[in-house]
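In what follows, a structure is listed as structure tokens, so that the remarks can point back to it.
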Amino acid sequence: MPKISVMPKNIPSELLQAFARAGQDHVFRFWNDLTDPERDSFAAELREIDLREVAELAATRGEAPFRGQREPAPVVRLGEEPRGTPRTLAAAHGHRLITQGKVGVFLVAGGQGSRLGFEGPKGCFPAGPLSRKTIFQLHAEKLVRLRERSGASLPWYIMTSQANDAETRKFFESHRFFGLDPRDVMFLPQRMLPALDTAGKLVLQSKGRLFQSPNGHGGSYAAFKQGGALADAQKRGIEQLFYFQVDNILVRIADPIFVGLHALSGSEMSLKVLSKTGPEEKMGVVAIEDGQTRVIEYSDFSRAESEARDSAGQLIHWAGSIAIHMFDLGFFERVAEGAIQLPHHLAKKKLSTIDTEGKPTEVDGIKYESFVFDALPSARKSLSLEVARREEFAPIKNKTGVDSIESAHALYIEEHRRWAREAGLEVSGELEISPLAALDPEELRERLAPESKGKRSGSVLLDPDADGKVRARSSALC
Ligand code: UTP
């Protein structure tokens with residue numbers, strides 16, 4: 001945007017000076033057109049802008065493509081016993097940590113969910129294939145059940161963003177926190193970062209507002225500290241954090257094997273990986289680069305690298321990260337304190353803005369984000385655990401096609417059919433198991449009422465009754 005010829009009046013002088021010094025005073029172009037409350041709110045927004053950081057962002061050019069050799073990182077494969085730590089031992093240890101109240105749960109839900117195109121926070125999307133329970137409810141009920149099972153009050157930290165914080169809080173309040181104690185749920189708004197045009201200038205989204213967007217899931221660390229969660233977790237004696245994303249409805253929250261393996265191995269950060277469907281699947285891969293374990297974005301791999309296979313015909317870079325992590329709280333704190341710096345990633349986008357007349361238009365610009373997994377190379381020790389895709393991964397990212405509502409429903413139903421089959425119930429139609437009924441097939445086997453076993457046609461919901469038994473109901477009756 002060109003420089004302003006006549007400077008508007010009544011701009012708070014400290015703001016004007018700071019922005020002029022930084023070469024960003026074009027943001028005041030429409031100041032005279034704003035009402036007093038609009039000026040106040042714009043001034044408040046501008047006061048939050050760290051102009052030194054803006055200069056750093058403008059100088060960020062993105063990572064140079066890696067030209068060296070990447071190797072696959074070691075992974076605890078499915079069915080393999082890590083040396084000295086059988087899975088049963090790990091599960092028992094994980095249970096113990098949960099029961100002792102040493103595990104907290106951290107959900108990132110600050111994203112914009114633009115691909116799904118759903119109005120409102122993605123967690124409010126009705127995702128239960130039969131029950132139409134929202135994503136937040138499905139996650140919350142898993143926590144309710146975990147608490148019933150363990151007797152521990154696992155605190156739930158939820159990262160939101162400016163765009164969805166108020167709505168998310170209201171949603172939880174209006175649903176009475178889905179049975180959770182509100183004192184154990186904490187919302188943590190993440191920071192926003194301004195977008196810049198290709199000349200490094202701040203962009204106006206409207207006359208009295210900058211174009212800003214959430215600072216990426218890498219904003220988790222700072223949000224955790226600034227929102228008071230770090231202090232809360234320390235007060236409660238939390239030692240380990242289970243981290244997950246809002247859109248995966250098959251996530252096994254605080255899965256004891258993962259919790260236990262992570263803790264017993266002394267890892268500071270652990271991740272769950274699964275075998276990619278093929279080289280083209282858009283998933284970050286865990287690999288060793290210059291001697292450091294990293295998650296590398298699919299877009300940072302050359303085609304030849306993603307397609308490379310070993311002598312058995314298996315993909316060399318097969319291990320896709322599903323963004324489920326365990327963190328040692330001390331490590332999380334080190335990143336939150338800034339002892340470990342995360343790089344900014346650039347995304348070139350068309351930005352909605354206004355022209356010199358104040359009319360809506362678009363410009364080429366850059367959004368900046370940091371990624372939670374960029375802390376991995378700084379962990380003194382890390383662990384990657386392979387899991388079965390069908391058991392743990394059903395993300396809702398898109399409206400249709402890959403990782404869509406449709407595909408997630410199909411995966412959810414299929415996995416629940418497997419649990420039911422193992423518990424003695426064969427369902428020919430659709431099936432949804434309430435998280436309040438069972439969190440895994442073993443639990444369903446223990447809780448399924450004898451009269452609900454056998455064969456059933458039509459759509460079936462499994463819910464717990466007051467006697468603790470799980471019974472089948474025809475979904476048409478619900
Ligand atoms: P995605 O990368 O899928 O992005 O986020 P998104 O914003 O949800 O969706 P699109 O790309 O606009 O369609 C993965 C996870 O990280 C969280 C999201 O809420 C989701 O759980 N996230 C992402 C944040 O919490 N903050 C961010 O700034 C970005």
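The values are calculated or read from the model by the stated rules, or taken from the named source; none is laboratory data. Note that the coordinates shown come from a computational prediction; the quantities given were computed from them, not determined experimentally. Cβ placement follows ideal geometry from the backbone for every residue including glycine, while neighbour counts extend to all protein chains displayed. Just so you know, the surface numbers come from the protein's heavy atoms only, side chains and all, with ligands and any DNA or RNA stripped out. Shrake-Rupley method; radii C 1.70, N 1.55, O 1.52, S 1.80 Å.
Here are a few things to note about the model shown:
- Residues in region 65-78 include at least one that is more than 14 Å from the ligand (Cβ to nearest atom), touching a strand residue (DSSP E or B) at 6+ places or on another chain (Cβ under 9 Å) and without any contact (Cβ under 8 Å) to a residue 12 or more places away in the chain.
- Residue within region 90-101 that is within 16 Å of the ligand (Cβ to nearest atom), more than 19 Å from Arg236 (Cα to Cα) and either surrounded by fewer than 22 Cβ atoms within 10 Å (Cβ to Cβ) or of a type in the set (A, V, I, L, M, F, W, C) (or both) present: no
- In this structure, Ala163 does not qualify as at pLDDT 95 or above and either in contact with a strand residue (DSSP E or B) (Cβ under 7 Å, 6 or more places away or on another chain) or open to solvent by 20 Å² or more (accessible area, probe 1.4 Å) (or both).
- Of all residues in region 177-203, exactly one satisfies the criterion of being of a type in the set (Val, Ile, Thr) and within 22 Å of Gln226 (Cα to Cα), namely Val185.
- A count restricted to region 193-225 and to residues that are within 21 Å of Gly23 (Cα to Cα) and either in contact with a Leu (Cβ under 9 Å, 6 or more places away or on another chain) or within 16 Å of the ligand (Cβ to nearest atom) (or both) stands at 15.
- Only residues that are under 22 Å from the mean Cα position of the chain (by Cα), of a type in the set (S, T, N, Q) and under 24 Å from Leu146 (Cα atoms) were counted in region 254-312, giving 2.
- Against the list (1) modelled with pLDDT under 95; (2) within 16 Å of the ligand (Cβ to nearest atom), the condition Lys142 fails is (1).
- Ile135 fulfils the conditions (1) on the phi < 0 side of the Ramachandran plot; (2) open to solvent by 20 Å² or more (accessible area, probe 1.4 Å) except for a single criterion, (2).
- Every residue from region 187-207 that is open to solvent by less than 20 Å² (accessible area, probe 1.4 Å) and in a strand (DSSP E or B): Leu188, Leu193, Pro194, Leu196, Leu202, Leu204
- Every pair of residues 6+ apart whose Cβ atoms lie under 9 Å, when the first sits in region 109-123 and is within 20 Å of Gln190 (Cα to Cα) while the second is open to solvent by 70 Å² or more (accessible area, probe 1.4 Å) and near the ligand (Cβ under 6 Å from one of its atoms): Lys122/Gln112
- Note on region 58-71: residues that are surrounded by 11 or more Cβ atoms within 10 Å (Cβ to Cβ), in a loop (DSSP other than H, G, I, E, B) and not hydroxyl-bearing (Ser, Thr, Tyr) amount to 3.
- Identity of the residue in region 401-422, farther than 21 Å from Leu138 by Cα and within 16 Å of the ligand (Cβ to nearest atom), that ends up surrounded by the most Cβ atoms within 10 Å (Cβ to Cβ): Val402
- When residues of region 104-125 are limited to those that are over 18 Å from Ala166 (Cα atoms) and more than 8 Å from the ligand (Cβ to nearest atom), the one most open to solvent (accessible area, probe 1.4 Å): Gly117
- Under the condition of being over 13 Å from the mean Cα position of the chain (by Cα) and within 19 Å of Phe244 (Cα to Cα), the residues counted in region 202-222 number 1.
- Residues of region 423-458 satisfying the condition of being at pLDDT 95 or above, open to solvent by 10 Å² or more (accessible area, probe 1.4 Å) and assigned to a loop (DSSP other than H, G, I, E, B): Gly424, Glu430, Leu436, Leu439, Asp440, Lys453
- Pair list, Cβ < 9 Å and 6+ apart or interchain, from region 239-258 residues that are basic (Lys, Arg) to residues that are assigned to a loop (DSSP other than H, G, I, E, B): Arg252/Val387; Arg252/Leu439; Arg252/Asp440
- Considering the conditions (1) in contact with a Gly (Cβ under 6 Å, 6 or more places away or on another chain); (2) open to solvent by 30 Å² or more (accessible area, probe 1.4 Å); (3) hydrophobic (A, V, I, L, M, F, W, C), Ala55 is excluded by exactly one of them, (1).
- Taking the criterion of being out of contact with any Ser or Thr (no Cβ under 6 Å at 6 or more places or on another chain), open to solvent by 30 Å² or more (accessible area, probe 1.4 Å) and part of a strand (DSSP E or B), the residues of region 277-293 that qualify are Ile288, Gln292.
- Selection status of Ser174, modelled with pLDDT under 95, away from the ligand (no atom under 11 Å from the Cβ) and open to solvent by 10 Å² or more (accessible area, probe 1.4 Å): no
- Check on Asp184, away from the ligand (no atom under 16 Å from the Cβ), open to solvent by less than 30 Å² (accessible area, probe 1.4 Å) and in contact with a Phe, Trp or Tyr (Cβ under 9 Å, 6 or more places away or on another chain): yes
- Region 15-42 - residue that is farther than 22 Å from Asp197 by Cβ and in a helix (DSSP H, G or I) and, of those, least open to solvent (accessible area, probe 1.4 Å): Arg39
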